[in-house]
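Working notes, structure below.
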Amino acid sequence: MARVEDLLVEVAGRAPERLVTPALEALTAGGKRLRPILLVLSARMGEPEERPLLTVATAVEILHTATLIHDDVVDKARSRRGQPTTVATYGREIAVATGDYLFAESFHGLAEIGDPRLVRAFSEAAMGLAAGELEQFRSSRGPVEVGAYLEHIRMKTAGLFRASCVAGGTLGGLSLVQIDALATYGQALGLAFQMSDDVMDLVGKPGLMGKGVGADLAEGTVTLPVIFALKEGDAATVGAVRRVLETPDPPPALLEAGIEAVLATDAINKTEAWAFGEVDAAIEGLELLPDGAERAILEAIASEVVGRDA
């Protein structure tokens, strides 16, 4: 992973002159590096070659960063991980161009490997990301059913987790059955991760999160706990939540009332219970894979996803 960090800096340095600084800031802004870690662990359950492994691990983090930049443009987000976003610092034009450059650079790295299976895995994930973001935008402020929510997070979040694990298994030379098991793990982990994010949006600590508490709700994003609260809350609860969803840029008092209304229901517990079910499915998906340190770490990652601080 230290070598991946070095390669991310190299990628930023190759950007067009006006994009070097914003690309460097975006690629080195921190984050968990979870997707390249998943890829490396998946690959090392087999026998990967080092150079392709580093290239693809770097490519997946570049692709993820590109999606974050474009998400922030769409959401007009001012901060991420406690720092100003690319769009807040450099404006929409530079932010979009930086995201576009990183998308292109990601697939340039994949093309160098010359394995169409890798390109297919990440192109499908990228298409899902775009479709999921569009669906979330269309459905903002509700109403949203649970099935529609699950479909868009499969595309928007879980797809890249899945692609990371599939690409790793491919690079490691694992069997198709084992790669399918990694795909099951990655998708379930991604679903649990997003549900945990939904909970943290309502109960998290602002200093530890990429955005402030209630940011998704304030933007009109209908997450799983919000869906549960709207379905099961009393009239006062539903009214408080709907007022936030229907108010662009809601004032702090209105947002706080909406958050408290959700927290007064069983929505958080139900969301976490669903997420734990996805964690169980993720760990079960690893049973067909070689027993060893890599598998143990993948299991540990899944176990830590729900209830984390950030």
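The values are calculated or read from the model by the stated rules, or taken from the named source; none is laboratory data. From a predicted model like this one, the values you see are computed outputs, not experimental measurements. Using ideal geometry, Cβ is built from the backbone for each residue, glycine included, and neighbour counts are taken over all protein chains shown.
Tabulated values for the structure
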item	result
Filter pass, Thr55 being closer than 24 Å to Gln187 by Cα, in a helix (DSSP H, G or I) and modelled with pLDDT under 95	no
Selection status of Gly46, more than 24 Å from Asp6 (Cα to Cα) and in contact with a Pro (Cβ under 9 Å, 6 or more places away or on another chain)	yes
Count of segment 46-62 residues which are buried (at least 24 other Cβ atoms within 10 Å of the Cβ) and either touching a Lys or Arg at 6+ places or on another chain (Cβ under 8 Å) or basic (Lys, Arg) (or both)	2
Per-region count, segment 137-174, residues under 22 Å from Ala57 (Cβ atoms) and at pLDDT 90 or above	18
Test: Gly91 is under 16 Å from the mean Cα position of the chain (by Cα) and surrounded by fewer than 21 Cβ atoms within 10 Å (Cβ to Cβ)	no
Selected residue (only one of Glu112, Glu93, Glu151 is under 27 Å from Leu286 (Cβ atoms) and not polar (S, T, N, Q))	Glu151
Met200 vs. criteria under 25 Å from the mean Cα position of the chain (by Cα), surrounded by fewer than 21 Cβ atoms within 10 Å (Cβ to Cβ) and among the aliphatic types (A, V, I, L, M)	yes
Scope segment 74-102; condition under 19 Å from Ala12 (Cβ atoms) and outside any helix (DSSP H, G or I); matching residues	Arg80, Arg81, Gln83, Pro84, Thr85, Gly91
Filter result (surrounded by fewer than 18 Cβ atoms within 10 Å (Cβ to Cβ) and over 29 Å from Glu294 (Cα atoms)) within segment 1-45	Gly13, Arg14, Pro16, Glu17, Arg18, Val20, Thr21, Leu24, Glu25
Gly233 being at pLDDT below 95 and over 25 Å from Leu134 (Cβ atoms)	yes
Residues that are closer than 13 Å to Thr170 by Cα and among the small types (Gly, Ala, Ser), drawn from segment 39-77	Ser42, Ala43, Gly46, Ala57
Qualifying position, being charged (D, E, K, R), free of Cβ contacts under 8 Å to residues at least 24 places away in the same chain and either surrounded by 13 or more Cβ atoms within 10 Å (Cβ to Cβ) or out of contact with any strand residue (DSSP E or B) (no Cβ under 6 Å at 6 or more places or on another chain) (or both), among Glu299, Glu256	Glu299
Conditions (1) basic (Lys, Arg); (2) closer than 30 Å to Leu174 by Cα; (3) surrounded by 15 or more Cβ atoms within 10 Å (Cβ to Cβ); number of the one not met by Arg80	(2)
Residue within segment 239-260 that is more than 29 Å from Leu134 (Cβ to Cβ) and outside any helix (DSSP H, G or I) present	no
